[in-house]
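FYI, it's all coordinate maths here, none of it is from the lab. Because the structure is predicted, anything quoted here is derived from the model rather than measured. Positions of Cβ are generated from backbone atoms using ideal geometry, with glycine treated the same way; all protein chains shown enter the neighbour counts.
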């Protein structure tokens, strides 16, 4: 397995309570979670709002420090590495954020945003390299001179994907990346992501509340509730025969596709 979490828990300060005797209360938002993702595999992490799925994704990237448990990357324990020790690993693990509008600097051009991400890790950049990167995600070279607000939501998400793959990572966390996009654009972004996974052999953690999207792109599925994994298994198997009542409820809530209008004439 490329990335593996073993019984990790995550505590955060409880901002809703006052500090008592100099110590702030904490909330446990991940509880003994174990998950493993192999190279070239896409694992869907699904759950209701507040279930802990985004916190899990950020913890897998060591953007959050686990309170308990062990985190392994390519067989090495990275649970307690400091920032200096983590820096060489950062290029190998990247995140595509939910809201590209807020994750892209509005004062910088797309070319500057991409070049900055690559230069941070010492990679050479020039217009030819950046144009090829945009071409890989289906954007024209002219987008290099545009600002984020001059692009559509789908185009901004493609820029977010380009930034993530610019460092040729091995593991990517995609956090609700098609949320808010229209159905046609969703399909285009998902097909792009599937192609990149095959091309680079990415291990992908795909976070979503939308089970219909999870069904389309993921090999395995992890269902979370209240900071815990309540069910995990192959995607097809889980949809065919969910083991828990909560999973059955989520799957039953998936909207059915509209019937073919020609059927109404028969």
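Could you work out the relative contact order of the chain, using alpha carbon pairs under 8 angstrom and six or more residues apart, expressed as a whole percent?
Working: 462 pairs, mean separation 68.1, N = 266.
The value is 26 percent.
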Completion exercise
From DSSP H assignment alone, runs of 4+ in the chain each adding -39500 (n - 2.57), the sum over residues rounded to the nearest 500 puts [θ] at 222 nm at -10000 deg cm²/dmol
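So for the range 149-266, what percent of the C-alpha to C-alpha distances run longer than 26 Å?
Working: 2187 of 6903 pairs.
Here the long-distance tail beyond 26 Å is 32 percent of all Cα pairs in the range 149-266.
Before anything else, pin down the relative contact order of the range 103-168: Cα pairs under 8 Å, at least 6 apart, normalised by residue count, whole percent.
Working: 67 pairs, mean separation 28.3, N = 66.
Value for the range 103-168: 43 percent.
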Fill in the blank from the handout: Within the set 91, 108, 220, GNM on the chain using Cα springs under 10 Å gives the largest fluctuation to 108
Handout entry: Cα convex hull volume per residue for the range 137-190 (Å³)
Key = 89 Å³
Practice task
Arrange the following residues from fewest to most other Cβ atoms within 10 Å of their Cβ: 216, 149.
Solution key: 149, 216
Practice task
Mind jotting down the distance between the C-alpha centroids of the range 169-193 and the range 23-96, whole Å?
Solution key: 20 Å
Practice task
Jot down the radius of gyration and Dmax of the chain, Cα atoms only, both in angstrom.
Solution key: 19.8, 74
Exercise for the section: Please report the base-10 log of the normalised intensity I(q)/I(0) for the range 103-168, using a Debye sum with one equal scatterer per alpha carbon and no solvent, at each q in 0.22, 0.30 (1/Å). Expected result: -0.83, -1.63
Handout entry: Protection-proxy order for peptides 138-148, 73-83, each taking the mean of Cβ atoms within 10 Å per residue, highest first
Key = 138-148, 73-83
